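The values are calculated or read from the model by the stated rules, or taken from the named source; none is laboratory data. Not measured: the values here are computed from a predicted model. Virtual Cβ from ideal backbone geometry, glycine too; neighbours counted across all protein chains shown. Just the protein is used for accessible areas: all its heavy atoms, side chains included, with ligands, DNA and RNA removed. Shrake-Rupley method; radii C 1.70, N 1.55, O 1.52, S 1.80 Å.
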Amino acid sequence: MDTLEEINLKGFVDEYIDPTLDLFVEIERLKKEKNAVILAHYYQEGDIQDIADYIGDSLGLSQQAAKTDADIIVFAGVHFMAETAKILSPNKKVLLPDLKAGCSLADSCPPHLFRKFKESYPDHLVITYVNCTAELKAMTDIVCTSSNAIQIVESLPKDQKIIFGPDKNLGAYVAKKTGRDLVLWNGACMVHEIFSREKITKLKERHPNAKLLAHPECEDVILQMADYIGSTTGILKYATNNLATEFIVATEAGILHQMQKDNPNKKFFPAPPNNTCACNDCPHMKRNTLEKLYLCLKNEMPEVTVPEHIIARAVKPIERMLEISAQLGL
Ligand code: 13P
Ligand code: SF4
């Protein structure tokens, strides 16, 4: 097997897998043997979603990470999500199938630059979207996700000055919905900025009854066209509960797996991207594969670690978010 150094360099365990092995059976066996739980985001490959113990949006995954009694959490998602799980459950081993599963949005907010930005607004409270590094969370007053950002801003006094980062699109959407004047960091997600208004309009002409469902990380031009705006869980619930039978989905394409599974008689179309992109896949999310997940559970590597002094500070704004969400029944 690779050395720890080689694993860290590649980001994953690179080991021969017997092609006759049933990975679903092996992963189930290892899960029981090691008292491990698999938490997966909706943007993961379908087979990973199918083997997961829990699939959810960022809020749901954080809630699960905080309450699990497993010894090992295998996080099928991206690095900031696994870090959040580690911060909430520091005594558990948190594994990520590919350590290099990053996030363009988290990368768009380097902590040393955000520190300077924050210093320019000394009387502002800092709300950060969960899609950021642990170091950034450690500089934050309250963390939020796409399913509670509006409520978290609304839970604060009206005259409270607020910095919101790193996603400018989510920030602008929250500012619009709450009527608050938020100071925004100029960050964005590479997947949610590629949707084409013109191509969506053409698709809607061919499917006039289709509802457009959009994630709030999308640009305002797309959100203005949407019939529903929400987190991945919100989008999934809306599609299930709505009487419409056709939906255009403006978020990462992995969510379509669960949407189709829960609604076999409805049709889901990924919102078309502009000409610079071939699909709506997140290259970071899609670094994880069933094979890497199996090897990481088998070898208990690669592991996500967060320095203790960062955990001590970053846990407070995440717990604050979970407390507010619990009070609001989210
Ligand atoms: P949610 O699942 O919380 O809506 O987040 C979407 C996302 O972009 C995660 O990277
Ligand atoms: Fe980050 Fe966007 Fe990928 Fe989510 S979809 S992990 S926000 S790059």
Solvent-accessible area, 1.4 Å probe, carbon plus sulfur percent, for the chain: 51 percent
Peptide ranges 141-154, 264-277, 295-308, 227-240 listed from the most packed, as the mean C-beta count within 10 angstrom indicates: 141-154, 227-240, 295-308, 264-277
In nm, the gap between the two label points placed 7 Å beyond Cα toward Cβ at residue 9 and residue 201 is 5.2 nm
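By the scheme Lys and Arg +1, Asp and Glu -1, what is the net charge of all other residues having a beta-carbon under 9 Å from that of residue 245?
Working: positive: 266, 267; negative: 246.
So the environment of residue 245 carries a net charge of +1.
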Distance in nm between pseudo-label sites at residue 221 and residue 155 (7 Å out along the Cβ direction from Cα): 3.6 nm
Computed lengthening from residue 243 to residue 26, 0.36 nm per intervening residue step minus Cα-Cα distance: 74.1 nm
With viscosity set to 0.692 mPa s and temperature to 37 °C, compute the Stokes-Einstein D of the range 197-270, Rh being the Kirkwood radius across alpha carbon pairs; µm²/s, no decimals. 272 µm²/s
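Provide Rg over Rh for the range 47-154; use the alpha carbon set for both Rg and the Kirkwood Rh (inverse mean inverse pair distance).
On the way: Rg = 14.7 Å, Rh = 14.9 Å.
Radius of gyration over Kirkwood radius for the range 47-154 works out to 0.99.
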Descending accessible area (1.4 Å probe), largest on the left, turns 75, 12 into 12, 75
Would you mind checking the pairs 204/237; 92/237; 10/86; 137/237; 118/176 and listing those with alpha carbons more than 25 angstrom apart? 92/237; 137/237
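What net charge do the residues around residue 222 carry, taking every other residue with its C-beta under 15 Å from that of residue 222, with Lys and Arg at +1 and Asp and Glu at -1? Kindly include the intermediate steps, with their values, before the conclusion.
Numbers: positive: 168, 176, 197, 199, 202, 204, 211; negative: 167, 193, 198, 217, 219, 220, 227, 252.
It works out to a net charge of -1.
Could you work out the local net charge near residue 286, counting Lys and Arg as +1, Asp and Glu as -1, over the other residues with Cβ closer than 15 Å to its Cβ? Please list the in-between numbers first.
Numbers: positive: 100, 287, 292; negative: 45, 47, 98, 252, 281, 291.
Net charge around residue 286: -3.
Leaving ligands, DNA and RNA out of it, rank 92, 177 by accessible area with a 1.4 Å probe, largest first.
Working: 92 40, 177 120 Å².
Ranked list, largest accessible area first: 177, 92.
Regarding the chain, what's the average projected area of the Cα-atom convex hull, expressed in nm²? Walk me through the intermediate numbers first.
Working: hull surface 70.5 nm².
Result: 17.6 nm².
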